[in-house]
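Structure, as structure tokens:
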Amino acid sequence: MIRWHRLIAIILLSALVCGCHAVNTAAINATAEKRENEHVKWGLPGTNGKLLYRLAYVELYDKEKREPLWVSYHLTKDRLFGTQKRSDKFEPDPDLSYGERAELSDYYHSAYDRGHMCPAADNIFSALAMKECFYLSNMIPQKHSLNNGKWKELETRIRNFVKAKEEVWVISGPIFQKADEADIKKIGRVWVPTHCYKIVAYNEGSELKAVGFIMRNDNETADLTAYVFRVKDIETVTGLDFFNKLPEDRDESVVEAVNKTGEFWDNSGKRQYGRN
């Protein structure tokens, strides 16, 4: 009888260990899946905040600033031919608690737009994607003249570029160029950025290329090429680390390049697409 008891104990212990192993493996696989997410294929630019994984994008949310520090998404040609209509249903992020999220009341009578980092026009392929892109966690306060002007023109140019290149990776976010937090303008509890950045990465043959942009959060009127910066410059002013999954030599070549005359401009010229 003692031997049977020992055998039963061993079987039960083995089952328990196997069960725990299965749970842990599932957790590891889920984490790995997020790590390999298509929207952050080239790495997480930063992790000091709350990572939010959506159908159409991934973002790092800052609960102090109550906005994303970066929003990264993989945009493919087929996603631009969806039929989902723009919802315009802005809402607080249900995955964030009341004390850490932006609220609709923060933007009321603020004279600032709720500026999408992953734009609605890039989410017409899915009802869920459209719903999630209107969460306030995907917004930063933008002057209307920028949001409806040069920023919109840049987003339109990117979409037309995708139709030529099949796919791109886009990263957008705010810049706060103030020495002291006390100097930062706020609407409600949401910090107002002084500038906005956008990075567009794409494959040219076997080579990854990227073009970066920085715009003042104000009325910008110059040609888009006037806002082109190295990705390295954006890293310097944001403290983020883009394309960190690339080997070091390739990473360096991508972030150091200044792409003012490359394929991005050749395939989406101003004459063809104009200002929107």
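The numbers here are math on the coordinates, done by the rules we state, and not lab data. Nothing here was measured: the structure is a model prediction, and the numbers come from that model. For neighbour counting, all protein chains shown are included, and Cβ atoms are generated from backbone atoms with ideal geometry for every residue, glycine included.
What the table shows:
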| item | result |
| --- | --- |
| Peptides ranked, highest mean first, by Cβ atoms within 10 Å: ranges 79-90, 37-48 | 37-48, 79-90 |
| Local electrostatic count, Pro45, Cβ distance below 9 Å [Lys/Arg +1, Asp/Glu -1] | -2 |
| Set of lysines near Lys209 by C-alpha distance (under 27 Å), chain-local residues within fewer than 8 positions excluded | Lys34, Lys41, Lys77, Lys150, Lys152, Lys163, Lys165, Lys198, Lys232, Lys245, Lys260, Lys270 |
| Burial ordering of Leu75, Leu51, Leu60, fewest other beta-carbon atoms within 10 Å first | Leu51, Leu60, Leu75 |
| Ser105, Ser172, Ser126, Ser206 arranged by Cβ crowding within 10 Å, fewest neighbours leading | Ser206, Ser105, Ser126, Ser172 |
| Cα centroid separation - the range 181-258 against the range 38-62, whole Å | 16 Å |
| Whichever lysines have a C-alpha closer than 16 Å to that of Lys65, once near sequence neighbours (fewer than 8 apart) are set aside | Lys50, Lys178, Lys185, Lys186 |
| Per-residue Cβ neighbour rank within 10 angstrom, fewest leading, Met139, Met215 | Met215, Met139 |
